[in-house]
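*Asks:* One structure follows; several queries about it will come next.
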Amino acid sequence: MSQRRLLRDGHFRIPPRIIQILRGRRHSRNNPRQICSDEIMHQDIIPLYAADIQDQLKKQFAYLSGGRGGDGCPVITFPDYPAFSEIPEKEFQNVLTYLTSIPSLQDAGIGFILVIDRRQDKWTSVKASILRIAASFPGNLQLVLVLRPTGFFHRALSDIAFKLNKDEIKMKVPIIMLGSVSELQGYIDKTQLTEDLGGTLDYCHNRWLSRRTAIEGFAQKVKQTAQILQSFGTELAETELPNDVQSTSSLLATHTEKKDKMKEDIRLAVEQGDDILGSITKPVTENPEYKLNQDQLDNQTTVERLLTQLHETETAFDEFWIKHQQKLEQCLHLRNFEQNFREVKAALDIVSERLSAFTDVGNSCSHVEHILKDLANFEEKSCETIAKARMLASEGDAFIQSNHYAVDSIIPKCSELHHLCDAFATETEQRRNLLNKSLELHDLLEKSMKWCDEGIYLLASQPVDKCQSQDGAESALQEIEKFLDTGAGNKIKELNKIYREYAHILNEDLKEHVQKVFQKQESMEEMFQKRQVSLKKLAAKQTRPVQPVAPRPEAFVKSPCTSPGLQREYVSNSESSALRRVNYRRGKSEMTELHQSRGGSAMDDEENLAVLRQHVINELIETERAYVEELLCVLEGYAAEMDNPLMAHLISPELQNKKDILFGNMEEIYHFHNRIFLRELEKYIEYPELVGRCFLDQMEDFQIYEKYCQNKPRSESLWRQFSDSVFFQECQRKLDHKLSLDSYLLKPVQRITKYQLLLKEMLKYSKNCEGAEDLQEALTSILGILKAVNDSMHQIAITGYDGNLNELGKLLMQGSFNVWTDHKKGHSKVKDLARFKPMQRHLFLHEKAVLFCKKREENGEGYEKAPSYSYKHSLNMAAVGITENVKGDAKKFEIWYNAREEVYIIQAPTPEVKATWVNEIRKVLTSQLQACREASQHRTLEHTQSLPLPSSSCTSPSRNHIRNTKKMEERKADLASLEGYGTAVAPKNPEKGKGWAKTSHSLDASEENDGWSSAEDPLNSSDAEEEGGGGGGAEMKLTPGKYTVVTDYEKGVSEEFTVKSGDLVQLIREGEDGLWYVKNLSTGREGWIPANNLLMLIGNSKSAQSLSSSESGTASSTLSTSSSCSDSCNASSTSFSDIKG
């Protein structure tokens, strides 16, 4: 059945009566008999309503009082209205049209009686009024009664004039001129005339107008309500059923809300109609003798009919809504059922997968009992999942019984749930039966082993001197026979019978064990038979005494315990086969030790290392399995329970929705180890020395631990707040854990630090193996990850930094130092004080900046005790230089900024820490230098035309002149961009806080070692001449010798020859085309490298004695790039000194 169905089976239908209102009735001004008799909604092409012409009706130049003539003709009264002739024709027609549309079709068909009151008017006005009415009246006329002027003159004049102008007044009905209201009462009953015409009819024009407006407004309300219900019903009927629970719930809520609003609108409309009906019948209610006139009766009938139609519409809509709501609720039930089915199905798959892991039949009674206990615990934990599945299946069966519209979709799911539950129960029972059979077999084997051991002990404990006598021999025989009688239930009687009876559990290892036990039993019985034969001979005849000789102590085992060679201990099910190999190798190792003590060979040493490697891989895999199991236990026993509705009452409101904080990305870590890493590790159990490749293949995935560790402080803080929660105590009780949750939350942190220890052990025993390089690389990578995790833990503790730390590039180093400042700017006293009083600063070295922070220790426990770092200022690495050695302290180095405008003397805790930082900063500056060199090579060539070229020691005289020139230019460009003596000239007119200021050295610069910067250019300048002896740069040349590589290189002439930062290389000889033959002493490989690249590779290496300034005696040099290069790289656009704090 399609998952997207339309509600086409139950459209909302409006009752026929209300459709008449929706469609409306039209009437023609020329044929008033087409007016509907039972509706208030009389309409012309443009229907008129009292509200539309309210101002015109208020003038009361004509009104419908409700009176009737003798034959029921409606009476329209034209009262005395002085401004009658001034009424606009449109207003006049609107009022007459509206008044003639009010009576019923039957009454209007008889014709109207017009009463024209002109007692206070003139004859000329009377004539004009009659002519205007005759020309504009839209309905049938029965009679026209005119109350002529009461003045004597105008009265006489009207008689004469009417007779003379009778033909002019062309009306099809008689016009009767009346002189008084008494004459009028002769035509119309007094009770049908209003009080101003001498009648008793109760009429108030304002009340009439208000009631007409209310009735028509109510009719419009009924019409609009019916139309809205019709549209809403169509919308509901054509709504597509959603495919998820949330959307279905939202749709049901939305439709219910709209329905409630519709019901409220209907209720208000009914109240409105009841109020109008009450106002119409109020006089009758107050005075039962009061008689309603015909118009009032018509109004009462109209309102009652509208109320009836409104109730019918509401009833029809309610019936439709019940069906629609039932359909939506069934849809919601279905979506909930489908969602629960997916969840339960996934849980059942996990349960089935874990059940399928119970394949081991054990290797001892204790092992089998432990597996049985694990199976029982697993079955108990799985009961909840099975119960949910069966409950869900029952729920689906109930839907089927209730004729759910999606029965075709529910039935297969219910059948699958029943099948999975039954299959789980069957499989569990089969596993239990197999383990019981295994327990039975192992019990028999252990009894046999114990019986054999006791027998051996018995033979060893029989005194030889006493057996020499007849009595002693008989006594020993009796002991043996008595012991053999106990073997009936303790020994294996028939090996083939054992094979047949336990064939379904016998694997190769267990079968081998059975054979060994049976062989031991046979050997023991053979020993008993031989002893019996000897003792029987001694008991049968008395021989001469012989000197008793006791058995050698080492020949027998003096304890009734299991034989060491055949003893089997419990190990985990997945370790059994590995342990048997280890036991074998351990025995072999013991033999190896014996061989070594007697002058063993190198082959024996390798055998020992293989055993040790196997121990490490076994520990790695078994601890990995335990780790995965512990993660799963936490996720199922704690994290999943936080979403369990049955446990919701135990969770405090403050703890709700905090699962992501408490557990971090533990689920991601679990899936990585369970689905990927553990399975990959198990592939290397036979090749432990190659396990480094497994780590390298998955190294990127280990980055997930950084996220977990960064969240750990928040998790610790949350745990401390709610560690006493009843919820956690209940979860711990269910899991039968001795340790609380926080101990398990620490497992990922402990695990990631454990790997490097195991890799170190494996590397220790695999020095000469094929995978040694991979192991070393894996160890380095893991240590790098640990460092990154540790650095990130410190980085997230930085406070006060306004920018985005991610924009500073990768965090390379971090640590605490003593810092002195020596700036060109500032008061002299401050400078002097700064030299002697160090600041405690924590430095963070990024790829693009170095941050200075102040470390602040926090109070608290656990992770809350971790320090925070208040940001002080930062330096842009594009304008930073370093001086590696500071006079008087091997732990100090300098970081200077903007050509030593700001100098920071850094004191590391140890010389080793200093060396690490200097090397890392050097790498950053070198990488920047390379990038800038490529971007500004053309400008560098122009600036270095005046620099002297280094001499070439091996250029052939016959070399092509163009090639020589090209080589000289390349070397000249490399020298200019890599090495220079002196400092640089800054850009002209630098802005304050931006760009780089003019460079100068401190007073002791000549005594400092190599200074490094990526923001300067060794151009000819006054500063450069002062320190460089007037030269723009000394001649550079390479000589054979040993050098340390400062950057990676992979573009040699030979693709196989590469060098990495830190490698020691030896320059052997210079060849043609500017190539040097180089040997990498770290890897033993050799190859050709262009001299230009060598200058970049060895940089200012201390062992590079040939890379000098022609022995000019200059004690210091500064390696820098040109400021123009930095300009081209946009490195100098904004200095980080702008934001130092």
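*Asks:* Tell me whether segment 438-458 contains one or more residues that are over 30 Å from N363 (Cβ atoms), open to solvent by less than 40 Å² (accessible area, probe 1.4 Å) and of a type in the set (A, V, I, L, M, F, W, C). Walk me through how you get there before you give the answer.
*Replies:* Of segment 438-458, the ones over 30 Å from N363 (Cβ atoms) are none.
No, segment 438-458 has no match at all.
*Asks:* Checking Q698 against (1) surrounded by fewer than 19 Cβ atoms within 10 Å (Cβ to Cβ); (2) within 20 Å of Y744 (Cα to Cα): exactly one of these is not met. Which one?
*Replies:* Q698 satisfies every listed condition except (2).
*Asks:* Check off (1) modelled with pLDDT under 85; (2) among the hydroxyl-bearing types (S, T, Y); (3) buried (at least 16 other Cβ atoms within 10 Å of the Cβ) for Y290 and give me the number that stays unchecked.
*Replies:* The one condition Y290 does not meet is (3).
*Asks:* Looking at the structure I just gave you, is D604 open to solvent by 70 Å² or more (accessible area, probe 1.4 Å) and at pLDDT 50 or above? Let's see the steps before the verdict.
*Replies:* Details: open to solvent by 70 Å² or more (accessible area, probe 1.4 Å): no; at pLDDT 50 or above: yes.
Judged against the criteria, D604 is not a match.
*Asks:* To continue, here is another question. Quick test of your reading of the structure: E379 fulfils all but one of (1) touching a Ser or Thr at 6+ places or on another chain (Cβ under 7 Å); (2) farther than 30 Å from D265 by Cβ; (3) buried (at least 20 other Cβ atoms within 10 Å of the Cβ); (4) at pLDDT below 90. Name the failing condition by number.
*Replies:* Among (1) touching a Ser or Thr at 6+ places or on another chain (Cβ under 7 Å); (2) farther than 30 Å from D265 by Cβ; (3) buried (at least 20 other Cβ atoms within 10 Å of the Cβ); (4) at pLDDT below 90, the lone unmet condition for E379 is (3).
Yes/no per residue for (1) modelled with pLDDT of 70 or more; (2) closer than 26 Å to D1063 by Cβ:
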| position | (1), (2) |
| --- | --- |
| I921 | yes, yes |
| T926 | yes, yes |
| A935 | yes, no |
| S951 | no, no |
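*Asks:* Any residue in segment 920-948 that's under 27 Å from I895 (Cβ atoms): show its pairings with residues that are β-branched (V, I, T) and modelled with pLDDT of 75 or more at Cβ separation under 7 Å, as long as the two are six or more apart or on different chains.
*Replies:* Every condition considered, the pairs that remain are I921/I882.
*Asks:* Please note which helices (runs of 4 or more DSSP H) are completely contained in segment 682-797 and include at least 3 residues that are under 23 Å from L632 (Cβ atoms). Let's see the steps before the verdict.
*Replies:* Working: elements: 691-697, 704-722, 726-735, 741-745, 747-764, 772-795.
The helices (runs of 4 or more DSSP H) meeting that bar are 704-722, 726-735, 741-745, 747-764.
*Asks:* Filter segment 60-98 for residues that are within 23 Å of L292 (Cα to Cα), surrounded by fewer than 18 Cβ atoms within 10 Å (Cβ to Cβ) and among the small types (G, A, S); which is nearest to the chain's Cα centre (by Cα)?
*Replies:* G72
*Asks:* Within segment 477-501, count every residue that is open to solvent by 50 Å² or more (accessible area, probe 1.4 Å), under 16 Å from Q519 (Cβ atoms) and either touching a residue at least 12 places away in the same chain (Cβ under 8 Å) or touching a strand residue (DSSP E or B) at 6+ places or on another chain (Cβ under 6 Å) (or both).
*Replies:* Here the count works out to 1.
*Asks:* In addition: Within segment 485-501, can you find the residues that are part of a helix (DSSP H, G or I) and either closer than 15 Å to E454 by Cα or modelled with pLDDT under 85 (or both)?
*Replies:* Just the residues of segment 485-501 that are part of a helix (DSSP H, G or I), to begin with: 485-488, 495-501.
Residues satisfying the conditions are D485, T486, G487, A488.
*Asks:* Is there any pair with a first residue in segment 438-462 that is of a type in the set (F, W, Y) and a second that is open to solvent by less than 10 Å² (accessible area, probe 1.4 Å) and modelled with pLDDT under 85 whose Cβ atoms are under 6 Å apart and which are 6 or more apart or on different chains, and what are they?
*Replies:* Close Cβ pairs (under 6 Å, with a partner that is open to solvent by less than 10 Å² (accessible area, probe 1.4 Å) and modelled with pLDDT under 85) amount to W451/G487.
*Asks:* Need the failing condition index for L759 against (1) of a type in the set (A, V, I, L, M); (2) over 30 Å from H873 (Cα atoms); (3) open to solvent by 40 Å² or more (accessible area, probe 1.4 Å), just the number.
*Replies:* That leaves (3) as the condition not met.
*Asks:* Go through the residues of segment 551-560 one by one and say whether even a single one is assigned to a helix (DSSP H, G or I), open to solvent by 80 Å² or more (accessible area, probe 1.4 Å) and at pLDDT 85 or above. Spell out the reasoning first.
*Replies:* Step one: list which residues in segment 551-560 are assigned to a helix (DSSP H, G or I), which gives 553-555.
From what is left, the residues that are open to solvent by 80 Å² or more (accessible area, probe 1.4 Å) are 553-554.
Narrowing further to those that are at pLDDT 85 or above: none.
No, because not a single residue in segment 551-560 is assigned to a helix (DSSP H, G or I), open to solvent by 80 Å² or more (accessible area, probe 1.4 Å) and at pLDDT 85 or above.
*Asks:* If you don't mind, there's one more thing I want to ask. Among the residues of segment 911-928, is there at least one that is surrounded by fewer than 22 Cβ atoms within 10 Å (Cβ to Cβ) and part of a loop (DSSP other than H, G, I, E, B)?
*Replies:* No - not one qualifying residue is present in segment 911-928.
*Asks:* Out of (1) among the polar types (S, T, N, Q); (2) assigned to a helix (DSSP H, G or I); (3) under 30 Å from D509 (Cβ atoms), the odd one out for T308 is which?
*Replies:* The one condition T308 does not meet is (3).
*Asks:* With the structure loaded, tell me whether A387 is assigned to a helix (DSSP H, G or I) and closer than 30 Å to K511 by Cα or whether it fails that test. Don't jump to the end; show me each part of the working.
*Replies:* On the way: assigned to a helix (DSSP H, G or I): yes; closer than 30 Å to K511 by Cα: no.
Criteria not met by A387.
*Asks:* Hey, among the residues in segment 284-299 that are touching a residue at least 12 places away in the same chain (Cβ under 8 Å), out of contact with any strand residue (DSSP E or B) (no Cβ under 7 Å at 6 or more places or on another chain) and assigned to a helix (DSSP H, G or I), which one's nearest to I228 (Cα to Cα)?
*Replies:* If we filter segment 284-299 for residues that are touching a residue at least 12 places away in the same chain (Cβ under 8 Å), which is where we start, we get 292-296, 298-299.
Filter once more, so that each one left must be out of contact with any strand residue (DSSP E or B) (no Cβ under 7 Å at 6 or more places or on another chain): 292, 298-299.
Retained after the next criterion (residues that are assigned to a helix (DSSP H, G or I)): 298-299.
Details: D298: 28, N299: 25 Å.
If we take residues in segment 284-299 being touching a residue at least 12 places away in the same chain (Cβ under 8 Å), out of contact with any strand residue (DSSP E or B) (no Cβ under 7 Å at 6 or more places or on another chain) and assigned to a helix (DSSP H, G or I), then N299 is nearest to I228 (Cα to Cα).
*Asks:* Here is a list: N665, N657. Which entry is out of contact with any helix residue (DSSP H, G or I) (no Cβ under 7 Å at 6 or more places or on another chain) and either open to solvent by less than 40 Å² (accessible area, probe 1.4 Å) or within 26 Å of I796 (Cβ to Cβ) (or both)? Explain how you work it out, then say what you get.
*Replies:* Details: N665 fails: out of contact with any helix residue (DSSP H, G or I) (no Cβ under 7 Å at 6 or more places or on another chain).
One residue alone meets the criteria, N657.
*Asks:* Consider segment 502-516. How many of its residues are surrounded by fewer than 13 Cβ atoms within 10 Å (Cβ to Cβ) and not in a helix (DSSP H, G or I)?
*Replies:* Qualifying residue count, segment 502-516: 2.
*Asks:* Turning to a different aspect of this structure: Tell me, please, whether a residue that is among the basic types (K, R) and either under 30 Å from R212 (Cα atoms) or crowded, with 20+ Cβ neighbours inside 10 Å (or both) can be found in segment 334-349. Give the derivation first.
*Replies:* Here is the first cut: in segment 334-349, the residues among the basic types (K, R) are 335, 342, 345.
Still in the list and also either under 30 Å from R212 (Cα atoms) or crowded, with 20+ Cβ neighbours inside 10 Å (or both): 335.
Yes: one or more hits.
*Asks:* Follow-up. Can you tell me which condition L535 does not meet? The list is (1) farther than 30 Å from V368 by Cα; (2) open to solvent by 70 Å² or more (accessible area, probe 1.4 Å), and all the others hold.
*Replies:* So the condition that L535 fails would be (2).
*Asks:* If we scan segment 204-221, do we find a residue that is open to solvent by less than 30 Å² (accessible area, probe 1.4 Å), within 30 Å of A406 (Cα to Cα) and either in a loop (DSSP other than H, G, I, E, B) or in contact (Cβ under 8 Å) with a residue 12 or more places away in the chain (or both)?
*Replies:* No; the residues of segment 204-221 include none that is open to solvent by less than 30 Å² (accessible area, probe 1.4 Å), within 30 Å of A406 (Cα to Cα) and either in a loop (DSSP other than H, G, I, E, B) or in contact (Cβ under 8 Å) with a residue 12 or more places away in the chain (or both).
*Asks:* So which of E329, E264 is in contact (Cβ under 8 Å) with a residue 12 or more places away in the chain, loosely packed, with under 13 Cβ neighbours inside 10 Å and over 30 Å from A423 (Cα atoms)?
*Replies:* Working: E264 fails: in contact (Cβ under 8 Å) with a residue 12 or more places away in the chain.
It is E329.
The values are calculated or read from the model by the stated rules, or taken from the named source; none is laboratory data. Predicted model only: the values in this text are computed from it and were never measured. Methodologically, a virtual Cβ is constructed for each residue, glycine included, from the backbone with ideal geometry; neighbour enumeration extends over all protein chains shown. Side chains included, ligands, DNA and RNA excluded: accessible areas come from the protein's heavy atoms. Shrake-Rupley method; radii C 1.70, N 1.55, O 1.52, S 1.80 Å.
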